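Structure, as structure tokens:
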Amino acid sequence: IKECYLKHVVFAVSKYLTLLIEIQPINNVRVLKAVDSCVRVQFLYPVEGRNASRESRLLLVSEDKYIEQFDIHVVAEEEHKVVIEKSGQLPRAKVVDDLVWAQWDMMEQRLFYIVPKESKSTLRCVQFYPDENFNSILESHLDIAVNDTQLKLVNFGYDYCQDQDVASKSLNLQVFTSKAGGLCVCCSLVSDTPHEIIYSIYFLHKGYNKTFTVSLERTESHQLKEVAFMNLDYYVAAYLPGQFLHLLNIQHPDLLCYSLFLTGEDARIDTPQNCSIRSPWVSAVLDCSTGSLYNVSISDRALLHLLQRSKRDCERLAALHCALLYFQHTEDLEMQIIRWISENLSTCHSFDPIQEFIIASLYCRMCPETQNLDKLLPYTSLHDWIGVVPGVTCTTDIISLPVLEFQNSKGFWEKLNSNLESVKYAEPHLHYHSNMLRREWRNLSEEREERRTTAYLRNIFENAKKYVLVSIIFTSYYFAQARLVPLFEEEDYQQQLLMGLMVAQLKDHLMRHLQYVGKKKIDQIVLDYVANLLNLVHRIIKEVWRRYQLHSCIFCFDERGSAGEFAVFHIMSRILEAANGLCMPLPPGFHTLHLGLGVRCLPLHTLLHYIDNGILQLTETCVRKLLKDLDDTEQNEKLKFSIVMRLPEALGQKVRQYWNHPINANLIARKYVKLLLEKLGNRQCSRPIPENLSVPVEFLPLNYLTNVLAEIENQGVHPYEKQDHVNARFVEETALKHTMALLGLKYS
């Protein structure tokens, strides 16, 4: 099989069905239809493997535009004879009258047909069941003009001469279904403009149709043929040999950027090379002119090749989604996509490839777990698409939803009904979105002190406890692998709070629409969603870490970073940007690793700029390691001082003790005095009594301040409870050392 975007395999069909027609007595032939009329016969066998040697159920399709069902039973007589039971009156039932188009679905035993109705056409479907019953289950009005002079049949066998004559006078139309409950009507339309092809796809499960107009390159008129349609389950393919191959996403047809439009060599399929083809079932194509049957699927190698070399954002985005949703979850495919992302972060202008990879991968992993989850979880980070596909014009029209009539039906009809219900309740609003999460997160960050005692915030912190469990799940997975990336096990208050808020909002969203699933199941879905999110971010870091051949022992500050480290730092910065855009949490230790790479790779002024703008976040693990490991050279002192001055108060109290330096002691003393006096407030302090100081000092202002601080401490006020050495005496000694240093004197 040659490399192409649609690969095929030829296979033979060796199954035959036989109809026994009794001729008895002589000159009394039992026929089903007059011999001067064109008749098509379709056997019914809704139960695979059913022993039907004694009976036959079949549809008889007449050119007089009606379809009947016949039941023929045979019985054994004498030794080697079989005769038709009750041959004088064969059981029959009228299925449909006055149809102008019909299509048979062999796999699901469905009959789709169209009847003309005033200026419009009505599509209906009859479902046949194993118990020999059938009923009309669907009706949909289509704004399609169908030639009502001749009957057009699809998937009822193929008579080349007769069907070619009918095809030239009737509409090229096919109905496709997908296992996710998608129902599409594909038809090619007549264009008044030369070298222009028009075709429409009616997404009945979404309530709208899209009409595409394609301007072809200059070609001979006799080479133009009608568009052929193929069913690939997740995609419908519109194919014109030598011109284009259009893969339309059935599940998410709203944005054109999720559909691939290929031309030239990219649109080549080895065989068939003509348009006399039909798609009798999913991923199958029948070449009517040769009688060959092909298995057709999208080639993952060709798709990745297109992703890697394409320069258009629409093609990149469509190929990315196709690779993740069509091929599901494979380690090798993920690795190649991550490599492509790391190489093209700056070349995608209309979307963020990291965001799309994370959102689409989560959608792909989570949706198979629970029915209807695909309608509630986000599948993209984009709200709309303003780009265009060169040479293609698309118009969208709202259509009426199909009417379903069924009871206790499972499988396709249940999923289709669920899709239609989603459209009725404004489907786009059903998908979870980070806008509300971002708004709540901003409010929570700005008003934390005022809202700390509210019931809402207490609920957030209760959900934040799940962060520990999610971290355990993530850490267990991470440490079960080879520890390639030096992520640290650490608590992050901000991440815990964001995690709690995300858990609360996602749980509320699912509870509104999946109440029948139960609270326990929804809790597990939310937990799995967040754990998978963390694992995906870690997977990206791990792949780029391996690509640039970095080592886990690289986390030290006595050397400058390599070019590979700088590349990884840049990618981690883009991951952080993507996470902030989606308001999603990051794995434990992400900020520590990111800051460590920043210290190694960036000049001091750039490093401080990144910290001041929130790109790099100061973490206890990294700052403590930096203060302990680096010696006090002039350059390192400047770095340490700049870091210490930017520490939040709570973090500063924990890590400043690891830097034994006069500058740091002075900062600690100043902070201590400030906090102690703030704690004093309006308290009345008795006149301090001079005490015997550890160091005799006759500087009365310092003596007075020290005694005031000591008196406040005696009242039980101590802001640095975990650091016993920080007290009034520490302030006194630090002040003396600092004064002596300023005077150029030696302190003893």
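Quick rundown of the values:
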item: Percent carbon-and-sulfur accessible area, the stretch 98-394, ignoring ligands, DNA and RNA, probe 1.4 Å; result: 48
item: Candidates per GluC sites (Glu not before Pro) in the stretch 98-159, loop by DSSP, up to 10 other Cβ within 10 Å; result: GLU118
item: Solvent-accessible surface (1.4 angstrom probe) belonging to ARG339, in square angstrom, nearest 10; result: 120
item: Probe 1.4 Å - accessible area at SER289, Å² to nearest ten; result: 60
item: Dipole of the stretch 310-395, positive direction: furthest Cα of GLY391, LEU362, LEU373, with charges on the beta-carbon; result: GLY391
item: Exceeding the 28 Å Cα-Cα cut-off - candidates LYS94/LYS375; LYS210/LYS424; LYS94/LYS117; LYS375/LYS542; LYS120/LYS424; LYS520/LYS654; result: LYS94/LYS375; LYS375/LYS542; LYS520/LYS654
item: Area accessible to solvent at ARG646, 1.4 Å probe radius, in Å²; result: 80
item: For the stretch 583-631, accessible area per residue (1.4 Å probe, heavy atoms of protein chains only), Å²; result: 32
item: Anisotropy class of the stretch 98-394 from Cα gyration tensor, a/c 1.5 cut; result: prolate
item: The stretch 98-394, dipole about Cα centre (Lys/Arg Cβ +1, Asp/Glu Cβ -1), debye to the nearest 20; result: 280
item: Portion, in percent, of the accessible area of the stretch 497-611 that falls on carbon or sulfur, probe 1.4 Å; result: 53
item: Heavy-atom accessible area ranking, 1.4 Å probe, most first, across GLU334, GLU421; result: GLU421, GLU334
item: Average accessible area per residue (Å²) across the stretch 219-373 - probe 1.4 Å, nucleic acids and ligands excluded; result: 34
item: Protein-only accessible surface order, largest first, of LYS94, LYS628 at 1.4 Å; result: LYS628, LYS94
item: Rounded, prolate or oblate (a/c below 1.5 giving rounded, otherwise prolate when a/b exceeds b/c) for the stretch 504-568 by Cα gyration tensor; result: prolate
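The values are calculated or read from the model by the stated rules, or taken from the named source; none is laboratory data. Treat the numbers as computed from the prediction; the structure is a model and nothing was measured. All Cβ positions, glycine included, derive from the backbone under ideal geometry; neighbour counts span all protein chains shown. Please note that ligands, DNA and RNA were not included when accessible areas were found on the heavy atoms of the full protein model with its side chains. Shrake-Rupley method; radii C 1.70, N 1.55, O 1.52, S 1.80 Å.
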